[in-house]
Every structure is written in structure tokens, then in C-alpha cells.
Amino acid sequence: MGVVDQEKGASSGSLAPEEVGGIHGVPPPKLDAVAEVERDPNFWTRNGLNAESFKKRFYGPGIVEMERPMQPRHLHMIAIGGSIGAGFFVGSGKALQKGGPASLFLDFLIIGIMMFNVVHALGELAVMYPVSGGFYTYSTRFIDPSWGFAMGWNYVMQWAIVLPFELTVCAITIQYWDSDPDHVSIYIAVFLVLITSISIFGALGYAEEEFWSSMFKLIMTVIFIIIAFVCVLGGGPSRGRYDTYQGAHTWYDPGAFNNGFSGFCSVFVTAAFAFSGTELVGLAAAESKNPVKNLPGAVKQVFWRITLFYILGLFFVGLLIPSDDPRLLGADENGNALEGGDSAASPFVLVGNYAGLKGFDHVMNCVILVSVMSIGMSCVYGGSRTLTAMAQTGYAPQIFTYIDKSGRPLWSTLVIVVFGLLAFIKVAPNGKGDEIFDWLLALSGLAALFTWGSICFAHIRFRSAWKRQGHTLDEIPFRAVFGVAGSWVGFILCILVFIATVYSSLDPPDGSPATAESFFISCLAIPVALAFWIAGFFWKKTGWLRVDQIDVDSNRRELDWDAINAYRQEVASWPAWKRLAHHFF
């Protein structure tokens, strides 16, 4: 197994795209052979709409793979707008207040550069090796099985904790229209039921929901950028404040940077949270019909998300909303609390208000609501798929390997949905809910950085082992655009963001004294991840893998190298500008 034809770059013992990934040399079953046994001819069973669909399906020995209903359009829209949520539309307001427009722009740009390299590293690994529910397996395979254990549980916990947060934000966003605080728990229940209902349709339900919600976010963000551009030039209605040329006056008054270096560092936390979920395209690719063909195109779409949504959108926000605007903290000009909660503090909503565009603030609030619910769906999808993959590799209880007849990881999905009930803590009496919720969010605050850093480092280790064992770059069908150098950049930036977070927690930008409580609320994810690592070591009794111990041949995809080489020759014949564009777009 794993004998490589150096001329064609084909692995005689690798997996076909229609096969499922194994681990430790266990041969996986072919999906087609499994499908003949599993797939029920009944429409209602096949689509998870009757009691029969919830029964366990037979999938044979080896690693299980979910259904593959996702199409290229699903993957592309998940890559472009799938993880745009509260961190971008709402959290950017507090980030602007803490760090100023320059910090907002630069920090999101730096995190964007990091994420570009992370997703390209993930794309290269996912095309080579089937993801099948959890890219934590790359940490297991190329770094350290104990660290892979830690990253798997870290990722599950991240989404399990973020789900109740997103449900709460959904309810608070509704308060823009219904300010009765007693209704918050009702809206939390409504959105939890809605997310659960969509999850009944499995991967296809998630894919369709993400496609349409991402399309809506994309269209509205483009409209916002056009409107913001006109407002910056002074083309807003005369009844608003943008009827004269705005230019870059907010960068001079009140200033480009707020709260010095601590303010600059604090924005990194918001930026990292806003980018959380970008890596989900790697999980989604495992449930597409042809990930080898579809994933590279989806990975390249991340460039447009970073450029269009984050960089350009927030640049205009910084030009139109002054960082000392009291409404960024949810208050009016006199410091009184505003109805509408967090969404009223969104700079995107404020632009509509200040421009005098009747109804535009309500439209943007609707965009926020759709975006937050979309992230809630991503929580259920990402958490359940990773938990199932961990159970299949012995890193979680075997009950979570349960796949029903419609292809849903039933118990894994149910566990993540149950975590959504924690959202009701937010409405606990005596104000204790906020305090408890802050500690819950502390568990997931920096979890994504561990995932991203591990992906980059796994790619670096893979390339080292690949070269050590006599392979060439020509044998890699899809290569990260900046190669190992890009992964080093992504990995180092992850470490720098950790350092910046620790620094801002020790020197709060608001001038308040640093306390042990505020420090751990900011950095609790660090000791938790290390605790998982130690637990994994004592359970698995394995440690750091040497480069010569890394297996790069087992369970590789079998690829059509004739088609790949023909396509490479076609690309080589293109003009230089077209080849350059092809690498990035």
C-alpha cells in the first residue's frame, strides 16, 4: 500500500475520491458499495422525514462517511459567506471603539492574511487525504496523536459553546423591533427549534440554508459598500449627516488609533472571532460528491470573503462612524441605554440611521439576524461532524458513531443541539446570567486559533515528511499558493495573536485594572487546550511524531493524473496574468 508511480504521481494503494478515509491502515469501505445497502428507495426515509429514517444504517466495517449531497454552488457560498456573523456585523462596533478605525482595518487585514494561508493549507491536505468529518485528524497524523485528541475536543467544545451565544444574539437582535426583555427567552426557543428543524434535513439542509443566507449576506454587503462609498463622497440624503464630503476625517478626529498599543491588540480577539468558521469549507467538502474537484475552487473563494466583506466593508465603516460614538456601546448621545441591544450598536445599522435612509437600518438588522442564525447552523454542523469523526477514530464514545438511514450523525447532532439550551442562562435573574455566560464564552474565545495554527503546522510537517520520503511537489494535485512559507506565516501570526490577547488582558484598553478574572475570561481557552493535550497523552500514550514516522502514503486519494496533467499543461499555456489570477481566484 502506498507504492507511488513517480512519473504519474499516482498512489497505487491510495483511496479513490468515492471512498472514505481510514486511519492507522484500516481499509475504508467504498461508499458506492455501502450506498447499495444503506440507501432506502423511500423518499421520506432517504430525506429524514419519517420515523424509519432515524434508525441506524448499515455501513460495513471501517470509517463511516456521511451522505454527499453538497454541490459546488454550496461549497462556494459556504466559502464566501458561511461564517459571516455577529463578530463581523456587531462585534466590529466595539472593536472600532476600542482600537479606532486604523486598528480595525489593520487587525482584520492581518487575520485575513493568516486565514488565506490557513485555508490554502487545509485545501492542500483535504485534497490529498479525505477529511471525513474532522480535520483534527491532520494534527493526529502529522503532529502528535495526543495533540490531535486535544484539537478534536477543542473544536467540538468551541461550537457547542458558541451555539447558545448565537441563539442569544438572535433574540437580542429581535429586540430592535420588540424591546420587551421578557420575550428574549421566547425568541431563544423559537430559533433553537428553527435550527433543529433545519438540521433534520442533514447536510443538504445545512448546505441549502448556507447557500441562500450567504447569497443574501453577499448581496446586502455589496449594496452596503456601494451606499457607504456614496456617503463617503457626500452623496447621502440631505436629511442625514452624509450629505457633505466625509473623506477620512474620522481618522483624524477622533483619530486613527484608540487606547494605544493595548487597543490595537484587543481588536485581534474580535477579528479572530469574526473569522471563526472559515475552515468549515474543509468539513463541507467531505460531504460533496467530488471534493477533489470542488474544494480547490471553494478555497479560492475565501480571497473574496476577506477582501469584500472584512477589509472593504470595515474600511468604509471606519470612514463613516467615529470611534468615540457612544452608540457603539449601545447608548445614545447622552449615555442612556438604547432599545435593540447589541444590534443597535452595530456600525452597519448606524450607517443606515445616520445616512437618513429610511428602512435601511431595519434591512441591515435583518441581515444580522440571518447571519447569526447561519452561524448557529454552522455550530450544529461543525460540532456534530467533528464529534462523529472522533468517535470513529476512538477519540470519543462509540455512541457518537451512530449514523441514521438518511445519513445524519444523530446522537452527535442531538448533543450539540442540547448545548443550545445554555442560551437560557442569559436570562437568569439577578444579572447572574451575563457573568456565567462570560465564563462559558471564555472556553471558546481562542479555540479557533488553536485549530488554525494546527492546520498550518500540520501542513508544514506534511511537506517535510513528503520531501523526506522522496516525493515531489508535482505529485500534489492542489498546492497552497504560498506553499510552506504561507503556512509559516499563518502559524506565526496565530502565535502573535495569542500574545496580543494576553497583553490586552494584562493591560485592558479601557484603562481598568487587570484582574485574575478578566485575564482568565480572555485566555481560559489556553489552559483548557493544554489540559486536553495532557489528557490525550495519558489516554493514548503517544507523543510527538518524528518526520520519518509520519505516514504520507496510506489512505491517499487515487486521482486521475492524466486529466490533472492535461489541465496543468493547459494552464501553462495561458498568459502570465491569467496564470496569476488562476492561483488566487
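Hey, any hits in segment 234-253 for a residue that's among the small types (Gly, Ala, Ser), part of a helix (DSSP H, G or I) and in contact (Cβ under 8 Å) with a residue 60 or more places away in the chain?
Here is the first cut: in segment 234-253, the residues among the small types (Gly, Ala, Ser) are 234-236, 238, 240, 247-248.
So of that shortlist, the ones also part of a helix (DSSP H, G or I) come out as none.
For segment 234-253, residues among the small types (Gly, Ala, Ser), part of a helix (DSSP H, G or I) and in contact (Cβ under 8 Å) with a residue 60 or more places away in the chain: absent.
Does segment 389-402 contain any residue that is more than 30 Å from Thr140 (Cβ to Cβ) and surrounded by fewer than 24 Cβ atoms within 10 Å (Cβ to Cβ)?
The answer is no, given that none of the residues of segment 389-402 is more than 30 Å from Thr140 (Cβ to Cβ) and surrounded by fewer than 24 Cβ atoms within 10 Å (Cβ to Cβ).
Just name the residue that is farthest from Ala51 (Cα to Cα) out of those in segment 383-402 that are among the β-branched types (Val, Ile, Thr) and in contact (Cβ under 8 Å) with a residue 24 or more places away in the chain.
Of all residues in segment 383-402, those among the β-branched types (Val, Ile, Thr) come to 386, 388, 393, 399, 401.
When the remaining residues are screened for being in contact (Cβ under 8 Å) with a residue 24 or more places away in the chain, the result is 386, 388, 393, 401.
Details: Thr386: 25, Thr388: 21, Thr393: 29, Thr401: 19 Å.
Among residues in segment 383-402 that are among the β-branched types (Val, Ile, Thr) and in contact (Cβ under 8 Å) with a residue 24 or more places away in the chain, the one farthest from Ala51 (Cα to Cα) is Thr393.
Residue check, Val552 against (1) touching a residue at least 40 places away in the same chain (Cβ under 8 Å); (2) exposed (fewer than 12 other Cβ atoms within 10 Å of the Cβ), all met but one. Which one?
If we test Val552 against (1) touching a residue at least 40 places away in the same chain (Cβ under 8 Å); (2) exposed (fewer than 12 other Cβ atoms within 10 Å of the Cβ), just (2) comes out false.
Note down all Cβ pairs under 6 Å where the first residue falls in segment 205-231 and is touching a residue at least 40 places away in the same chain (Cβ under 8 Å), the second is open to solvent by 60 Å² or more (accessible area, probe 1.4 Å), and they're at least six residues apart or on different chains.
As it stands, the answer is Ile225/Leu312, since those pairs meet every condition given.
Does Ala102 satisfy the criteria of being of a type in the set (Gly, Ala, Ser), modelled with pLDDT of 85 or more and over 20 Å from the mean Cα position of the chain (by Cα)?
When the stated conditions are applied, Ala102 passes them.
Could you check segment 174-198 and list, in sequence order, the residues that are among the hydrophobic types (A, V, I, L, M, F, W, C) and more than 27 Å from Val415 (Cβ to Cβ)?
Residues of segment 174-198 among the hydrophobic types (A, V, I, L, M, F, W, C): 174, 177, 184, 186, 188-195, 198.
Selection gives Trp177 alone.
Out of all the residues in segment 458-475, which are more than 14 Å from Asp551 (Cα to Cα) and either hydroxyl-bearing (Ser, Thr, Tyr) or surrounded by fewer than 18 Cβ atoms within 10 Å (Cβ to Cβ) (or both)?
Thr472, Leu473, Asp474
Where the second residue is acidic (Asp, Glu) and the first is open to solvent by less than 70 Å² (accessible area, probe 1.4 Å) and lies in segment 509-535, which pairs have Cβ atoms under 7 Å and are six or more apart or on separate chains?
Ala514/Asp507; Ile521/Asp438
Filter segment 127-148 for residues that are of a type in the set (Ser, Thr, Tyr) and part of a helix (DSSP H, G or I); which is most open to solvent (accessible area, probe 1.4 Å)?
Thr137
Looking at (1) under 28 Å from the mean Cα position of the chain (by Cα); (2) open to solvent by 90 Å² or more (accessible area, probe 1.4 Å), which is the one condition that is false for Trp577?
All conditions pass for Trp577, except number (1).
Per-residue answers, yes or no, for (1) charged (D, E, K, R); (2) outside any helix (DSSP H, G or I); (3) open to solvent by 10 Å² or more (accessible area, probe 1.4 Å):
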{"position": "Gly87", "(1), (2), (3)": "no, no, no"}
{"position": "Ala95", "(1), (2), (3)": "no, no, no"}
{"position": "Lys98", "(1), (2), (3)": "yes, no, yes"}
{"position": "Ser103", "(1), (2), (3)": "no, no, no"}
{"position": "Phe108", "(1), (2), (3)": "no, no, no"}
{"position": "Ile113", "(1), (2), (3)": "no, no, yes"}
{"position": "Phe116", "(1), (2), (3)": "no, no, yes"}
{"position": "Val119", "(1), (2), (3)": "no, no, no"}
{"position": "Leu125", "(1), (2), (3)": "no, no, no"}
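Hey, any hits in segment 196-210 for a residue that's among the aromatic types (Phe, Trp, Tyr), assigned to a helix (DSSP H, G or I), open to solvent by 20 Å² or more (accessible area, probe 1.4 Å) and in contact with a helix residue (DSSP H, G or I) (Cβ under 8 Å, 6 or more places away or on another chain)?
No, every residue in segment 196-210 fails to be among the aromatic types (Phe, Trp, Tyr), assigned to a helix (DSSP H, G or I), open to solvent by 20 Å² or more (accessible area, probe 1.4 Å) and in contact with a helix residue (DSSP H, G or I) (Cβ under 8 Å, 6 or more places away or on another chain).
Please pick out the residue among Val417, Val427 that is over 26 Å from Ala480 (Cβ atoms), in contact with a helix residue (DSSP H, G or I) (Cβ under 8 Å, 6 or more places away or on another chain), modelled with pLDDT of 90 or more and open to solvent by 10 Å² or more (accessible area, probe 1.4 Å).
Values: Val427 fails: modelled with pLDDT of 90 or more.
Answer to the check: Val417.
Only one residue in Ser266, Ser288, Ser323, Ser371 is open to solvent by less than 30 Å² (accessible area, probe 1.4 Å) and at pLDDT below 85. Which one?
Checking each option against the conditions leaves just Ser288.
Go through (1) at pLDDT below 90; (2) more than 16 Å from Leu96 (Cβ to Cβ); (3) among the hydrophobic types (A, V, I, L, M, F, W, C) for Ala355 and report which single condition fails.
Against the list (1) at pLDDT below 90; (2) more than 16 Å from Leu96 (Cβ to Cβ); (3) among the hydrophobic types (A, V, I, L, M, F, W, C), Ala355 comes up short only on (1).
The values are calculated or read from the model by the stated rules, or taken from the named source; none is laboratory data. Because the structure is predicted, anything quoted here is derived from the model rather than measured. Backbone-built Cβ (ideal geometry, glycine too); neighbour counts: all protein chains shown. Just the protein is used for accessible areas: all its heavy atoms, side chains included, with ligands, DNA and RNA removed. Shrake-Rupley method; radii C 1.70, N 1.55, O 1.52, S 1.80 Å.
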